[in-house]
2 protein chains.
Amino acid sequence: MKDVAARAGVGLKTVSRVVNEEPGVTPDTAARVQAAIDALGFRRNDSARLLRTRRTASVGLVLEDLADPFYAALSRAVEDVARSHGALLFTGSSAEDPRREQELVLAFCARRVDGLVVVPAGDDHRYLLPEIAAGVATVFVDRPAGRLDADVVLTDNAGGTREGVAHLIAHGHRRIGFIGDQPGIHTAGERLRGYREAMASAGLKVRPEWYAMGPTTPERVEAALDAMLGGAEPVTALFAGNNRVTVTAVRVLAGRPERIALVGFDDFELADVLDPAITVVAQDAPGIGRVAAQQLFRRLDGIVTDGASRTELPVRLIERGSAEFPPQQ
Amino acid sequence: MKDVAARAGVGLKTVSRVVNEEPGVTPDTAARVQAAIDALGFRRNDSARLLRTRRTASVGLVLEDLADPFYAALSRAVEDVARSHGALLFTGSSAEDPRREQELVLAFCARRVDGLVVVPAGDDHRYLLPEIAAGVATVFVDRPAGRLDADVVLTDNAGGTREGVAHLIAHGHRRIGFIGDQPGIHTAGERLRGYREAMASAGLKVRPEWYAMGPTTPERVEAALDAMLGGAEPVTALFAGNNRVTVTAVRVLAGRPERIALVGFDDFELADVLDPAITVVAQDAPGIGRVAAQQLFRRLDGIVTDGASRTELPVRLIERGSAEFPPQQ
DNA sequence: CTGAAAGCGCTTACAG
DNA sequence: CTGAAAGCGCTTACAG
């Protein structure tokens with residue numbers, strides 16, 4: 001910029017005015033400056049600009065795994081909102097590791113992002129207190145923060161699961177299994193709660209081998225299914241706690257003789273083309289991303305200044321065939 | 001930092017030394033500085049640091065759509081490589097709009113990212129020349145840049161398609177259709193070329209209604225299929241040019257009486273669980289992301305300094321049942 | 001309409 | 001071992 005000013009024979013401020021299209025420059029001077037800019041190939045350094053401006057026009061997004069379809073859809077929605085507000089997006093995957101999440105979040109804060117959208121891993125996010133105090137707007141998404149009062153946007157996990165399990169009960173099922181994600185994950189716990197509540201309010205007992213929580217690896221899902229189907233009172237229906245579990249359950253059940261009714265939490269591509277097509281409790285991945293990002297920018301723009309908000313988005317039961325039949329045993 | 005220095009009664013440079021864990025500070029002074037840091041809740045501003053250092057330790061990733069499973073997997077691989085090099089990742093979706101791509105890329109460059117990984121949209125990337133000249137390392141991925149000589153990492157699109165079409169021919173098919181993405185997209189053109197070459201080398205003619213290029217919307221794919229199946233010489237097999245097309249083709253074919261052999265380019269989740277399971281030419285999405293990012297850092301670290309490289313990753317034909325039968329008409 | 005000075009929050013190159 | 005000065009590339013607040 002100094003070079004441009006020198007070449008055009010003007011002051012730094014005049015160059016700045018031209019670059020930022022500020023008024024109050026004679027066309028003549030402006031043209032001279034522009035010529036110098038072109039000749040020197042000058043490109044404004046936004047990092048320097050933002051240092052002075054004290055806004056970085058960037059947002060950090062931390063989630064579990066960028067490659068998971070649910071989070072991929074969520075990311076895209078956050079990106080679109082950020083773009084519409086002129087902000088760039090840093091992204092990072094925590095891989096469900098609280099330490100890695102913290103590293104990412106603090107790295108973003110050290111770059112002085114204006115705000116954060118975080119799918120929290122772990123159960124203690126007090127490490128964010130100094131950052132929030134320093135003015136970093138933060139919205140949690142998909143799960144609430146641990147030990148921290150902050151904005152959160154999530155799906156009605158317990159209610160959605162109640163609806164799905166009640167759907168199975170309405171079709172005559174009494175012995176219903178539930179396979180969920182690791183118990184420490186908030187959504188997993190909420191969905192388990194929904195399952196228990198639906199069973200209880202129908203007056204149904206729940207045997208210990210009917211529900212299983214843990215990593216969503218094929219091996220574990222298969223083992224859990226074996227236990228549910230092999231016991232004294234085998235289940236006739238299964239509620240799958242997330243789309244990873246559903247996909248594996250479909251694969252495992254395809255190789256088994258029993259015909260088990262299935263409802264999955266979270267929709268997934270091709271669920272409608274499978275045979276049978278899979279009935280799901282669909283959540284709105286782009287929706288929660290969009291709502292979270294909008295809340296973030298409402299805070300950044302000072303439109304919202306009150307205490308932490310909690311937004312719960314509804315789910316939608318989509319009947320496709322995998323659950324709409326009575327017990328087969 | 002100034003406040004910390006004042007409170008600890010030391011110079012700025014000493015605070016800098018403590019913050020960066022540089023040697024040459026007495027434990028006593030270090031402790032005093034650390035106390036001031038804690039008391040004031042000081043957090044280093046990396047943006048300022050990087051302004052001085054002239055490295056931003058960040059990389060920009062521009063792709064078509066963060067929510068597409070192929071690009072989501074690619075992104076995650078790029079992210080992992082970036083992390084292992086201590087760099088943060090900016091991401092943005094071009095939505096296949098060259099103008100939007102350019103906006104994103106130039107915005108990243110204005111932040112002075114160290115490097116770029118770009119899935120190019122459009123056919124002219126000369127707008128990047130000044131940036132590359134200014135030292136921004138750039139690697140293209142999935143498709144080569146237009147009118148620009150730069151590193152590129154891609155899948156063997158023509159070869160993979162030849163292999164897939166030859167597979168159909170080997171099972172006795174002679175009338176084979178091809179549905180691809182918009183003709184302006186490099187991968188789409190290459191795959192069409194592979195289709196033509198495979199047909200030609202088997203001495204088979206290609207009727208105009210047997211191939212169709214365009215947006216991968218369900219409507220268009222269905223219309224193209226109708227044309228292929230309704231003509232005087234209906235196809236007995238289809239090669240789907242990408243996973244969006246394959247998914248729609250599966251859906252459309254499920255509602256039709258004909259039994260059409262199908263091979264898809266690019267694998268997708270649940271392809272193995274469909275009935276029939278879908279035979280695909282699988283490309284390695286994380287692989288091309290990883291290789292591209294590694295090439296980027298080799299340039300950034302000065303390990304590679306020679307001219308533009310072109311890396312082509314092999315594909316893998318996975319036989320699953322949708323293509324392993326003779327013509328049904 | 002234009003520009004010199006000060007400053008954003010750090011690090012570099014140097015001297016003590 | 002420690003620190004004052006200059007500078008990274010820009011903008012702000014001001015004066016002319």
Comparing A:Gly11, A:Gly194, A:Gly180 in a Gaussian network model of chain A (Cα, 10 Å), the one with the largest mean-square fluctuation is A:Gly11
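Hey, can you find the accessible area per residue of chain B for me, probe 1.4 Å, expressed in square angstrom?
42 Å²
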Label geometry 7 Å along the beta-carbon vector: B:Arg259 inter-copy distances in nm: 2.2
Give me, ordered by chain and number, the residues 5 or more places off A:Asp151 or on other chains with an amide H under 5 Å from its own placed amide H. A:Phe140, A:Ser309
Under the helix-only model (-39500 (n - 2.57) for each DSSP H run of 4 or more, divided by the residues of chain B), the mean residue ellipticity at 222 nm, to 500 deg cm²/dmol, is -13500 deg cm²/dmol
Selection from A:Gly180, A:Ala150, A:Val139 lying farthest towards where the dipole of region A:133-193 points positive, charges on Cβ: A:Gly180
Between chains B and A, what is the buried accessible area summed over both chains (1.4 Å probe, protein heavy atoms, nearest 100 Å²)? 4500 Å²
Over region B:143-274, what is the relative contact order in percent, taking alpha-carbon pairs closer than 8 angstrom and at least six residues apart? 26 percent
Share of Cα-Cα pairs in region A:2-44 beyond 12 Å, whole percent, is 49 percent
Label point 7 Å beyond Cα along the C-beta direction, distances from B:Asn45 to other copies (nm, shortest first): 1.4
Pick from B:Ala271, B:Ala73, B:Ala39 the residue whose mean-square fluctuation is largest in a GNM of chain B, springs joining Cα atoms under 10 Å. B:Ala39
Identify the residue of chain A whose Cβ lies closest to the rotation axis that maps chain A onto chain B, and give that distance in whole Å. A:Ala72, 2
Under 5 Å between amide H atoms, partner at least 5 residues away or on a different chain: which partners does A:Arg111 have, H built in plane at 1.01 Å? B:Asp46
Which is farthest toward the positive dipole end of the protein assembly as shown among A:Val273, B:Gly214, A:Ala166, measuring Cα position about the Cα centre, with Cβ charges +1 (Lys, Arg) and -1 (Asp, Glu)? B:Gly214
Threshold 30 Å², region B:106-127 residues less accessible with all protein chains present than alone (1.4 Å probe): B:Ala110, B:Arg111, B:Arg112
Spelling out what I want: for every residue of region B:77-87, take phi, set θ = phi - 60°, compute 6.51 cos²θ - 1.76 cosθ + 1.60 (Karplus), and round to whole Hz; glycine and proline get x. 5, 4, 4, 5, 5, 4, 4, 5, 9, x, 9
Label the protein assembly as shown by shape, choosing from rounded, prolate and oblate, from the square roots a ≥ b ≥ c of the eigenvalues of the Cα gyration tensor; if a/c is under 1.5 it is rounded, and otherwise prolate applies when a/b is larger than b/c, oblate when it is not. oblate
Skipping prolines and chain starts, which residues have an amide H placed within reach, meaning under 5 Å, of the one on A:Leu88, given they are 5 or more residues away or on another chain? A:Ser58, A:Val59
Explain nothing, just the number: relative contact order of region B:1-118, from Cα pairs under 8 Å at least 6 residues apart, as a whole percent. 25 percent
Rounded if a/c under 1.5, otherwise prolate or oblate - chain A, Cα gyration tensor axes: prolate
How would you classify region B:157-284 from its alpha-carbon gyration tensor, with a ≥ b ≥ c the square roots of the eigenvalues: rounded for a/c under 1.5, else prolate if a/b is greater than b/c, otherwise oblate? rounded
In Hz, Karplus ³J(HN,Hα) per residue of region B:57-64 (6.51, -1.76, 1.60; θ = phi - 60°; x = Gly, Pro): 6, 9, 10, x, 10, 10, 9, 6
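With charges set only on the Cβ (+1 for Lys and Arg, -1 for Asp and Glu), what does the dipole of chain B come to about its Cα centre, in debye to the nearest 20?
1020 debye
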Protein chains only, probe 1.4 Å: how do A:Ser75, B:Ser201 rank by accessible area, largest first? B:Ser201, A:Ser75
How far apart are the B:Ser16 label points across copies, placing each 7 Å from Cα toward Cβ, in nm, shortest first? 2.3
Interface residues in region A:76-92 - accessible area drops by 30 Å² or more relative to the isolated chain, probe 1.4 Å: A:Arg76, A:Glu79, A:Arg83, A:Leu88, A:Leu89, A:Phe90, A:Thr91
Sorted by accessible surface (1.4 Å probe, heavy atoms of the protein chains only), largest first, B:Met199, B:Met213, A:Met1 come out as A:Met1, B:Met213, B:Met199
Please report, as a whole percent, how much of the solvent-accessible surface of the protein assembly as shown comes from carbon and sulfur atoms (probe radius 1.4 Å). 50 percent
Please grab the % of Cα pairs in region B:64-154 that end up more than 22 Å from each other. 19 percent
Relative contact order for chain B, counting Cα pairs under 8 Å that sit 6 or more residues apart, in percent: 17 percent
Quick one: dipole size for the protein assembly as shown, taken about the Cα centre, charges +1 on Lys/Arg Cβ and -1 on Asp/Glu Cβ, in debye to the nearest 20. 2020 debye
Table column - 3J(HN,Hα) (Hz), region A:104-111, Karplus curve with 6.51, -1.76, 1.60, x for Gly and Pro: 4, 4, 5, 5, 5, 5, 5, 7
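The values are calculated or read from the model by the stated rules, or taken from the named source; none is laboratory data. Because the structure is a prediction, the values reported are computed rather than measured. Cβ coordinates were reconstructed from backbone atoms using ideal geometry, including for glycine residues, and neighbour counts include every protein chain displayed. Just the protein is used for accessible areas: all its heavy atoms, side chains included, with ligands, DNA and RNA removed. Shrake-Rupley method; radii C 1.70, N 1.55, O 1.52, S 1.80 Å.
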